[in-house]
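What follows is a set of notes on a single structure, which appears directly below.
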Amino acid sequence: MNKNLRTVLPGETIGILGGGQLGRMTAMAAKQMGYRVVCLDPQPNSPCGQVCDLQIVGSFDDYSAARELALQSDVLVYEFENINAVVVAELEQEFHVPQGSRLLEITQNRIKEKAHLLQSGFPVVPYRVVGSSAELAQAAAELGYPVVLKSATGGYDGKGQAVLKSLADLADVTLSGPAVLEKFLALTGEVSVVVARRADGETAAFPVGENVHRGNILHTTVVPARLSAELLEQATQLGMRIAESLGAVGLLAVEMFVTEGGIIVNELAPRPHNSGHFTLGACYTSQFEQFVRAVCGLPLGPTTLLYPAIMVNILGEHIAPLMPRLATLPPHVKVHLYGKSGAPVPRRKMGHLLVRSDVPDDTVAWVEDMLGMSKGRLAAVNCQPSTVNRQPESTEH
């Protein structure tokens, strides 16, 4: 056995830094496998805390709270990248933190992330690092308008981003710190691949997902992605090579742009990913079970796609139209709700739908009409094709 591979067996305790929906679904997978689970989150009764054996209420910047979690755990993981990397670095000196602080430090900072990708030879969007108005103006002129300005840290779901279409738009920009300015590219699509990797280098990639965003929030993921076999292989290999270059342990989600010239890497996430939610039903092993397997040193599970599917995010504004329809949804529609407290807030992720279907466009139209996401759609679309009952393929990916 590789000396870097430490096995954590069912019955032992997984500690999760973070209490959101990704932690919740990870905890549910871990509990099903026989682990105890504790989590740390500043919000009492967090989505993850609701399904854990114990939740510690505390800030992610509070080392004493994080250490209290660690003392009750046999392995520590983080479920999103806005965890304090300094705290994680301190924890890994004393406790078992297989993902490590280096992966977190790189992926939570767009400047460091892009530098690593570029230095490692991976294709990235042409970009510049800017820290002042003068640097921003010069970089925009060099790249050519339009350009996209992204904060170096703290951005997700489109937060901390702005499209600058002309020189006049610079007047509305105030830089609060270093940022990344990217050339605006003409895209033919967006895809992502979630890669699992153990400490000994065993690696497995899930099927490539085809993504559509609305308002910079993921709207739908279609699997299998409607790309050529060559592009699917290119995306998969990029994901696996990037995970290896970082020495990633756990999961790494790689978001990519599809252009006329090929695939370009956009961003990385060192944990389960929204675009991988289709695996929770449509794959032999879910990304959450795989995450547990990877960080606990268990053999990785098969990533076989069992049936074609579409994942649709449920935001706060979709809860009201969804609830009266739950009792009448067809059986090939799975509903996952995240247990978030309080009144639903617009644009906040509250859950997702997984629909078994190989007619993505019709399926998305049906869901959008049902949840009031668009006007002028058909009142109903039969999103369950005749092929939906075909048997899962026996070949493992």
Cα centre as origin, Lys/Arg/Asp/Glu Cβ charges: segment 1-103 dipole, Debye: 360 debye
Residue order, fewest to most surrounding Cβ atoms within 10 angstrom, among 113, 79, 317: 317, 113, 79
Alpha-carbon radius of gyration plus Dmax, which is the widest Cα pair, for segment 233-314 in Å: 13.3, 40
Longest to shortest principal axis, alpha-carbon extents of segment 70-124, angstrom: 42, 17, 17
R0 of 25 Å, Cβ-Cβ distance residue 54-residue 33: FRET efficiency to nearest 0.05: 0.90
Likely footprinting exposure, 260, 255, fewest C-beta neighbours within 10 Å first: 260, 255
Pair residue 6, residue 62: separation of 7 Å Cα→Cβ label points (nm): 2.5 nm
Kirkwood Rh in Å, taken over segment 138-235 so that all alpha-carbon pairs contribute: 16.1 Å
Radius of gyration and maximum dimension Dmax of the chain, Cα, Å: 21.0, 60
Full-extension gain in nm, residue 214 to residue 133, via 0.36 nm per residue minus C-alpha separation: 26.2 nm
Viscosity 1.002 mPa s, 20 °C: Kirkwood-radius Stokes-Einstein D of segment 13-97 over Cα pairs, µm²/s: 176 µm²/s
Dipole axis of the chain (+1 Lys, Arg; -1 Asp, Glu on Cβ), positive-most option in 71, 164, 38: 38
Rg and Dmax of segment 189-389, Cα atoms only, in Å: 17.0, 53
Per residue convex hull volume, Cα atoms of segment 59-182, in Å³: 122 Å³
About the Cα centre, charge dipole magnitude for segment 126-183 (Lys/Arg +1, Asp/Glu -1 at Cβ), debye: 100 debye
Farthest positive-ward along segment 189-389 dipole, Cα basis, beta-carbon charges - from 204, 231, 218: 218
Size of electric dipole in the chain: Cβ of Lys, Arg +1 and of Asp, Glu -1, about Cα centre, debye, nearest 20: 560 debye
Reduced Cα scattering model of segment 153-303, Debye log10 I(q)/I(0), q = 0.09, 0.10, 0.13 Å⁻¹: -0.32, -0.39, -0.63
Fewest-first sequence of 361, 369 by Cβ atoms within 10 Å of each Cβ: 361, 369
Relative contact order [Cα under 8 Å, 6+ residues apart], the chain, whole percent: 13 percent
Convex hull volume of segment 126-183 per residue (C-alpha atoms, cubic angstrom): 71 Å³
Stokes-Einstein diffusion coefficient of segment 1-48, Kirkwood radius over Cα pairs, 20 °C, 1.002 mPa s, in µm²/s: 186 µm²/s
Among 287, 4, 370 the positive-end extreme of the charge dipole of the chain (Cβ point charges): 370
Ranked by how many other beta carbons lie within 10 Å on average, peptides 86-98, 198-210 from highest: 198-210, 86-98
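No value in this document is a laboratory result; all are computed from the given coordinates. Model, not experiment: these values are computed from the prediction. Virtual Cβ from ideal backbone geometry, glycine too; neighbours counted across all protein chains shown.
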